[in-house]
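Peer 1: Right, I'll just put the structure down here and ask away after.
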Amino acid sequence: MAAALLANVLYSAGFVLEKRALGVLPEVSVRRPARLLRLVLGSPLWIAGSLALAAGFGAQLLVYRTLPIAAAQGIFVAGLVLLVLLSSRLLGEETSGRERYALAAILLALLMVVLSLDESADRVGRGAPYPLVLLVCVPSLAAGVWLYRSTERGAGHRHRLPTTGVEYGVAVGLLYGVSSLAIKGVSGYLTAGGPGAVLAGLLRSPYPYLLLFTGAFGLIMSQAALQRCRASLIVPVCTTVTALYTAVLGTLTFGEALPAHPARLGLRIAGTCLAVTVLLMMPKHDAAPRPPMGEKTDKELTEP
């Protein structure tokens, strides 16, 4: 529990620091990854944020060794409250009433998932068949990259309303969901013996390679999206998708059984459905900025 709470603080602080650093950098794009990396690596504030995220990764490893996947995700998502508070105080971001209700519903949904856990029956999975891991992860990676590219193409249209970042959050959340499964897989090797045995086992598994892919693509995609959209919305969406993906598919992949009691099973299913429903209903666009006094909008200019 202490490691999970520490991971929450580190992840929230890391995202806010990165967002603040990106706010003063020139515009970055996934189409120019080398330039993106050169810009962010030249920012001490961004480096501080990335170090906080890396420390959160280490805390996450400890959590997965001791807690079932669904329980860990429920605690991680509770950190959204801290993220929204930090974004408001340090970044000056404001969330609409509808968005605040949506975030509250997401927290309720993930609380339902946590309440569905049974300490006496739940067990921590240590491993998963590699073909099953790849069957789950490879299509998810393809879907995340495709959705991100589709959102990028749509955002390039001249008269498109500013995006809130929901689509970006879902796309990056799928990549981080795969990364979370890979972290879970790595945690199972930490008890395999000495460093040599651990390293040999990891290199024979798909987990290091999944982490390399999601780390590289996730870094580039998330930074470009974070610069364009509010951290107080894109990060909660990304975190929710990651949590649901990991809790549902990770539980099945690593053989952590679903609740046997009907009431607990109902809570697990209802919480998952509520979170997905909220994500689908969240606003996809911000209101178009009003022109300065005396200037006409595009619509007014085209009217006879």
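The values are calculated or read from the model by the stated rules, or taken from the named source; none is laboratory data. Being a predicted model, the structure only gives us computed values, none of them experimental. FYI the Cβ positions are ideal-geometry reconstructions off the backbone, even for glycines, and counts take in every protein chain you see.
Peer 1: Would you be able to say whether some residue in the range 116-131 is within 21 Å of the chain's Cα centre (by Cα), surrounded by fewer than 18 Cβ atoms within 10 Å (Cβ to Cβ) and at pLDDT below 85?
Peer 2: No, every residue in the range 116-131 fails to be within 21 Å of the chain's Cα centre (by Cα), surrounded by fewer than 18 Cβ atoms within 10 Å (Cβ to Cβ) and at pLDDT below 85.
Peer 1: Let me ask something additional. With respect to the numbered conditions (1) part of a helix (DSSP H, G or I); (2) buried (at least 18 other Cβ atoms within 10 Å of the Cβ), which one is the sole condition not fulfilled by residue 28?
Peer 2: It fails just one condition, (1).
Peer 1: Name the residues in the range 195-248 that are over 20 Å from residue 11 (Cβ atoms) and among the polar types (S, T, N, Q), would you?
Peer 2: Matches in the range 195-248: 205 only.
Peer 1: Also: Sort out which residues of the range 177-208 are within 21 Å of residue 148 (Cα to Cα), at pLDDT 90 or above and hydroxyl-bearing (Ser, Thr, Tyr), and write them in order of number.
Peer 2: The answer is 179, and nothing else.
Peer 1: For residues that are of a type in the set (D, E, K, R) and assigned to a helix (DSSP H, G or I), scanning just the range 82-115, find the one that is modelled with the lowest pLDDT.
Peer 2: 99
Peer 1: If you don't mind, there's one more thing I want to ask. Of the residues 10, 5, 25, which single one is of a type outside the set (D, E, K, R), farther than 16 Å from residue 91 by Cα and at pLDDT 85 or above?
Peer 2: On inspection, the qualifying residue turns out to be 10.
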